[in-house]
Every structure is written in structure tokens, then in C-alpha cells.
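Here the structure is laid out as C-alpha cells; the discussion comes afterwards.
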Amino acid sequence: MLELTKRLSEQEAAEIDSSEILDNLILPYELRIRGRLRATTQTKVDVGLFLDRGPVLRDGDLLLAKTGEIIRIRAAEEQVVTARIENGQPLARLCYHLGNRHVTLAIGMDDKGAYVRITPDHVLEELAERLGATLVHHTAPFDPEPGAYTQAGYSHGNGHSHGHSHGHSHSHDHDHGTAMATVTSTPTEAATPQVDDLALLGLMQLVSPALPIGAFAWSQGLESAFELGWVNNESELAQWIEGVLEDGLSRCELPLLVRLQTAWAEGDAITLAKWNDWLHATRETAELSDEDTRLGGALVTLLRNLELLPEPHLIPEEPGYITMFAWAAHKRCVPVRQTLLGFAWAWLENQLAVACKALPLGHTAAQRIIERLRPQLAVAVDTALERNDHELGPILPGLALGSALHETQYSRLFRS
């Protein structure tokens, strides 16, 4: 099996002749967003992807194997809906309303004019038709916009030149006649919205361990993982936290913050209540649900004392911590991306504080884990910003079992 471990940058790809490309790997969009994958190329070569998570594989991207082979990514034909509408304001309005619903969409131009392309969704299709669009259901490659927090020109920053080995056969060039797409990158400082001083200080206040809401009292099932022998040392703890970050926060809390902060900005009480209820419904145990409700209530009390609460009619019934965190970030004028980074950082610090008390874990070891996982926080935020509504929901059976067993744990330090 070929292990594909490196994305070639735009500059590196420009130096590649088509005869050097071993094969094509044809993938639908839902697989091109994954960094870990086993698949089969067009000529039945088994390959495994071992890439950094976050950047989406675009049609035409080139991947380099450990042994020097080069594989080209092709976007597979899949079921799509293409919406056509008059250029100018009608097209801008259509893009705005679809984008405002956090929809992954492609915007393009062909001989018939400009178009917007989405995956089939009857609610979105009705919306597009109400705005005056004509819809066509068909199959086509789906290569959506990378999002506002990505940029062209993926850079590895390792000074790599086109000096890798090509000691392999070049007899499998299946050129589709498609231009190479620009590779999506993780955000850089130039692509990241600037945060003013007061907003930054407000975010620091919100994520501070000294914020008097009682977050330190909860372990989110981690204490049970120690007691049951699932997590025994620094390495296993880092793996546990990374798994929860990837399969939990990037699928649930972080993309939910995007939607909630947007709803607060728009004064949309219905959407706020919807996502607040959705979060309660996704909590697999009473402990996890109780944690969110209690922390949310404590944050409401604190914000009331600081005279920072929103209008009463906007606050959902039993507002959760994430709902009120999104409000506080909006009130402090914190950009959405920084809100997600701050929340993820506070969560990571709290998990390590639990480990320092219950594993036990030394403070230097905790800092090593932070150094290991700090880049993963940014990747998780990138992933969360690209999530569609139907992709949301945690996949954490181990954490759910740990949280459920925590209730009957004989001796525990943290609340249940």
C-alpha cells in the first residue's frame, strides 16, 4: 500500500510533468475532507492517506508517497443541484442566504453563465427557488468554496524543493483535461481577522480558569477513564484528548458556536433556541447535560452581575454554557474564529487540570501535551468552520460510557 504523506504545494506541483504522475485517486467531497483514509486509485493501487487534518483535497491536488510516487486527486461525479440565476444582485443574494445557513457550496462559471452548486437538500432547494433560481438535478464533481478562513497557496514551510525520488513507473497518466485546483491551506496571520485589544482582553477573561462559573469541577468522563485504566500515562492522555477534540469538539461544540454567535448577532431567538435544544439532545448522559446547563446558568448569573446579559426574550429556556459563551463572545466583539480558538483552549486547559489532580500528571507533562496538541486546536477550528448542519454530532462512545460510569465511581474528585 502506498502511504501518501505530503501535499505538494502550488509551486511544487507546477514543476511536476504529467508523465511523473503515477495515478489518479477519485474521491467524492465527503472523503476529500478527511486526512486519514484508505482507498483504491483508478488503476486499483491501494493507497493510504496520512495527511494533516483540516485542508480539503481539491480536484487536481498532488500527493506525494513516502517512496516518491505522485498521485493526483480527482473530484468524483456525485449527485448535485446546480442553481442558475441572473447575475448581479440576484446571484449575490442567493449566495448570501445559502452561506448564511452554513452551507458548503461551489460557485462557478460555464458557457451558460454563473452558477451556485450544492448537494441535494429540499429545504435549501425551496429557498433557492423562492429567490428566483432555476434548479437542475444532475451528477457533477462537487468542489466547493474552501471558506473565508482558508487561502490559496498551501505552504509547507519546510523549504522542500522538487528533489524527491522518481524511481517508479510513469505509465499511468490518466489526465482528465482538468486544470489543477488551488490547494487549500490552513489559516495564516494574513488570512485571520484582526482582534482589537478590548475584544482580545474580553476573550481572555472569558476563557480564564479564574472565571467564577465552576468549570474546574467537571471532568467530562476523564476521571472514569483514569479509574477504569483506559488512560494511564501522558501519551495515552494526549491520544484521548486528541480523539475527543477530533470526534467531539470539531463536530459539536465548535461548529455550534459558529451558529450560535451568528444567531446572537442577528437577534434570532428561534435559531438560538433550536441549537440550544439540539445540544441538550446530543448529550449522551445526565452528567454531560447537567454540566452544560449548570455552567450556562452560572455564566448567566455572572453576566447579569456585570450588566452584560442580552434582552430576556432572546435567552433560550435553560441556556447552556456554549449558548452563553457565544453571547459573551459576540458582546465582546470577538471574531468567530477567535471564539472557537478560545473555547478550545479553555477546554484543553480544563482537561489537563483534571489530569493533574486525578491521574496524577505533572505540570511539565501537561505543557508537553499542550505543545503537541496546540496545532490540532487550529485544525479542529478549521474543520468546524466547514461543517454542514447534517455533519454535526459527536462520535464519542468511550466518553459517554466513562461519563455514565462516573456516576457510580466509588471515589471521585469531580462532580457527577
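Each value in this text was obtained by applying a stated rule to the coordinates, not by laboratory testing. Just so it is clear, the model here is predicted, and its values are computed rather than measured. Using ideal geometry, Cβ is built from the backbone for each residue, glycine included, and neighbour counts are taken over all protein chains shown.
Points to keep in mind about this one:
- Within a straight-line Cα-Cα reach of under 24 Å, Lys331 can be paired with the following lysines, leaving aside sequence neighbours fewer than 8 residues apart in one chain: Lys274.
- A Stokes-Einstein calculation at 4 °C with viscosity 1.567 mPa s, built on the Kirkwood radius of region 1-126 over Cα pairs, returns a diffusion coefficient of 79 µm²/s.
- Span-rule helices in the chain, defined as complete DSSP H runs reaching 24 Å or more along the axis (Cα) with Kyte mean at least -1.0: 286-305, 336-358, 363-386
- Derived scalar couplings ³J(HN,Hα) [region 55-69; Karplus, 6.51 cos²θ - 1.76 cosθ + 1.60; whole Hz; x for Gly, Pro]: x, 7, 6, 9, 4, x, 4, 10, 10, 10, 7, 4, 8, x, 5
- Reachable aspartates and glutamates, given that their alpha-carbon falls under 15 Å from the alpha-carbon of Lys112 and they are not under 8 places away in the same chain: Glu86
- Those lysines that a straight Cα-Cα span of less than 27 Å connects to Lys66, excepting residues fewer than 8 apart in one chain: Lys6, Lys44
- Longest exposed-site-free window of the chain, the sites being GluC sites (Glu not before Pro) in a DSSP loop that have at most 11 other C-beta atoms within 10 Å: 16-306
- 222 nm mean residue ellipticity, helices alone, for the chain (DSSP H n ≥ 4; -39,500 (n - 2.57); rounded to 500): -13000 deg cm²/dmol
- Region 329-390 shape via C-alpha gyration tensor axes, a/c threshold 1.5: prolate
- Neighbourhood net charge (11 Å Cβ-Cβ; Lys/Arg +1, Asp/Glu -1) for Leu206: +2
- With kT/(6 pi eta Rh) evaluated at 10 °C and eta = 1.306 mPa s, and Rh the Kirkwood radius from Cα pairs, the chain diffuses with a coefficient of 68 µm²/s according to Stokes-Einstein.
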